[in-house]
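Visitor: Let me begin by handing over the structure; questions about it come next.
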Amino acid sequence: MTEKKKKSFFSPLFKKRIKKFTRIKRGYYAFLFIVGLYLLSFFAEFLINGNALMVKYDGNYYFPIYGSVNLRRDIFAQSTAKLRELREARNRKFITPEELEKIETEHARLNELKDALRSHRILKKTFQAQGMGDYAILAIYPFGPNENLLNELGDRRPPTRPDFKNLFGTDDRGRDVLARMVYGFRISISFSLVLTFFSYLIGMSIGGFIGYFGGKIDFFGMRLIEIWSSMPFLYTVMIISSIIIPNFMLLVFILSLFGWIGMTWYMRAEFFREKSRDYVQAAIAVGVSDWKIIFKHILPNSLTPVISFLPFNIIGGIGSLVSLDFLGFGLPAPTPSWGEMLGQGTSNLHSWWLTVAPVGAMFITLILVTFIGEAIREAFDPKEYSRLR
């Protein structure tokens, strides 16, 4: 007996369009590149971090990369206890000069270690200088996005220019710009993807519902949508942000309340067109339920606007977050944000790197997403693969 072929949710037409997309090299490679960068950003803590990946001290191993480990609490407590013992030993009445010299040396080493704990980079150098077998393994780029570097800048006042130590310089609070850009990239893309998901979920559900059932549902539904779309979006966000300190999910929720409207129009039109086709009428004639017709038959054939507009909605999500952060109504400080860095650039016009870095990052990200969008638009062109062919 021949095995039955596994049914696919996607139609053969959709699969042809995906193959066409992979043949458009500029968009396909841009897609692979930006997806690769985004996945790599989830390992940013192992690549760009001010905390050590691992510390060996006095025979014990610590992993400060995890938030539950606090070297100042753990090692400082040990060194403080040892210092107390050394002071007591130094005050003993009968002690040889050799023992006293050893105690003084250990006392000085522990004091130096306590001072070095304010920075894991200084701690690593201190371990190397002491030569006691202790060590610290740092990230490839040993600076964190929210780490203050004022103690290491010496006489220089932030923001400082790019150099071999801080490749993109520091901002006006002494934080490394490159580290904040990388973490800001992850936040921006994640925010836009989550926002797009919820906006699409709401828009596709409402648009498909009113497009399939039509009649009074369509008439009153569209009137309600028109009323809701007339609300001032920016003022609503500003009012809510001034009352409640916004976080990641709250901003997603607020923007999702308005971001679904555009997709509703397209899905409504797609369902209007598809429900009049013969395969839908045949499904109705044999008694297939409405929900099965919607999700199994019409929806897979109505994904063209969803896929085509996806990259441009992602661009819009990034732009919305950057704009809100720039205006001060976005994510709370000290969250790494491209918009917040742009705000610093406008306040420090002489520090060109504060503007060039986030603008350059946004330009590269947006142009890559645009290449993807153009390739998808070409691959999903109805003139290329008409349903009538």
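Visitor: Being among the hydrophobic types (A, V, I, L, M, F, W, C), at pLDDT 85 or above, in contact with a helix residue (DSSP H, G or I) (Cβ under 7 Å, 6 or more places away or on another chain) and assigned to a helix (DSSP H, G or I): is that true of Phe33 here? Walk me through it before giving the result.
Guide: On the way: among the hydrophobic types (A, V, I, L, M, F, W, C): yes; at pLDDT 85 or above: yes; in contact with a helix residue (DSSP H, G or I) (Cβ under 7 Å, 6 or more places away or on another chain): yes; assigned to a helix (DSSP H, G or I): yes.
Criteria met by Phe33.
Visitor: Among the residues that make up segment 195-205, is at least one of them more than 29 Å from Ser323 (Cβ to Cβ) and either outside the structural domain of Thr304 (by TED's automatic domain parsing) or touching a residue at least 12 places away in the same chain (Cβ under 8 Å) (or both)?
Guide: Initial filter on segment 195-205 (more than 29 Å from Ser323 (Cβ to Cβ)): none.
Scanning segment 195-205, I find no residue that is more than 29 Å from Ser323 (Cβ to Cβ) and either outside the structural domain of Thr304 (by TED's automatic domain parsing) or touching a residue at least 12 places away in the same chain (Cβ under 8 Å) (or both), so the answer is no.
Visitor: Still on this structure, please answer the following. One residue is enough: does segment 15-28 have a residue meeting the conditions more than 30 Å from Ser190 (Cβ to Cβ), modelled with pLDDT of 65 or more and not in a loop (DSSP other than H, G, I, E, B)? Break it down stepwise before answering.
Guide: Pass one, segment 15-28, residues more than 30 Å from Ser190 (Cβ to Cβ): 16.
Right, trim to modelled with pLDDT of 65 or more and you get 16.
Narrowing further to those that are not in a loop (DSSP other than H, G, I, E, B): 16.
Looking through segment 15-28, at least one residue is more than 30 Å from Ser190 (Cβ to Cβ), modelled with pLDDT of 65 or more and not in a loop (DSSP other than H, G, I, E, B).
Visitor: Quick one: would you say Thr365 is within 25 Å of Val252 (Cα to Cα), out of contact with any helix residue (DSSP H, G or I) (no Cβ under 6 Å at 6 or more places or on another chain) and buried (at least 19 other Cβ atoms within 10 Å of the Cβ)? Steps first, answer last, please.
Guide: Numbers: within 25 Å of Val252 (Cα to Cα): yes; out of contact with any helix residue (DSSP H, G or I) (no Cβ under 6 Å at 6 or more places or on another chain): yes; buried (at least 19 other Cβ atoms within 10 Å of the Cβ): yes.
Yes, satisfied.
Residue by residue, here is whether (1) without any contact (Cβ under 8 Å) to a residue 40 or more places away in the chain; (2) of a type outside the set (A, V, I, L, M); (3) out of contact with any Pro (no Cβ under 6 Å at 6 or more places or on another chain) holds:
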| position | (1), (2), (3) |
| --- | --- |
| Lys25 | yes, yes, yes |
| Tyr28 | no, yes, yes |
| Leu39 | yes, no, yes |
| Phe43 | yes, yes, yes |
| Leu47 | no, no, yes |
| Asn51 | no, yes, no |
| Tyr57 | no, yes, yes |
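Visitor: If you check Phe168 against the conditions, is it surrounded by fewer than 19 Cβ atoms within 10 Å (Cβ to Cβ) and either modelled with pLDDT of 90 or more or in a helix (DSSP H, G or I) (or both)? Before the answer, list the steps.
Guide: Details: surrounded by fewer than 19 Cβ atoms within 10 Å (Cβ to Cβ): no; either modelled with pLDDT of 90 or more or in a helix (DSSP H, G or I) (or both): yes.
No: the conditions fail for Phe168.
Visitor: Just to be sure I understand, how many residues within segment 133-152 are surrounded by fewer than 16 Cβ atoms within 10 Å (Cβ to Cβ) and touching a Phe, Trp or Tyr at 6+ places or on another chain (Cβ under 9 Å)? Write out each step before concluding.
Guide: To start, the set of residues in segment 133-152 that are surrounded by fewer than 16 Cβ atoms within 10 Å (Cβ to Cβ) comprises 133, 135, 137, 140, 146, 150-151.
Of the ones still in play, those that are also touching a Phe, Trp or Tyr at 6+ places or on another chain (Cβ under 9 Å) are 133, 135, 140, 146.
Residues meeting the conditions: 4.
Yes/no per residue for (1) of a type in the set (A, V, I, L, M, F, W, C); (2) outside any helix (DSSP H, G or I):
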{"position": "Phe219", "(1), (2)": "yes, no"}
{"position": "Met222", "(1), (2)": "yes, no"}
{"position": "Glu226", "(1), (2)": "no, no"}
{"position": "Met231", "(1), (2)": "yes, yes"}
{"position": "Tyr235", "(1), (2)": "no, no"}
{"position": "Ile245", "(1), (2)": "yes, yes"}
{"position": "Met249", "(1), (2)": "yes, no"}
{"position": "Phe253", "(1), (2)": "yes, no"}
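Visitor: Do any residues in segment 303-330 that are in the same structural domain as Ser192 (by TED's automatic domain parsing) have Cβ atoms under 6 Å from those of residues that are in a helix (DSSP H, G or I) and among the basic types (Lys, Arg), where the two are at least six apart or on different chains, and which pairs are they?
Guide: Note: pairs meeting the criteria are Ser308/Arg377.
The values are calculated or read from the model by the stated rules, or taken from the named source; none is laboratory data. Only a predicted model underlies this, so the values are computations on that prediction, with no experimental measurement involved. Positions of Cβ are backbone-derived with ideal geometry, glycine not excepted, and every protein chain shown enters the neighbour counts.
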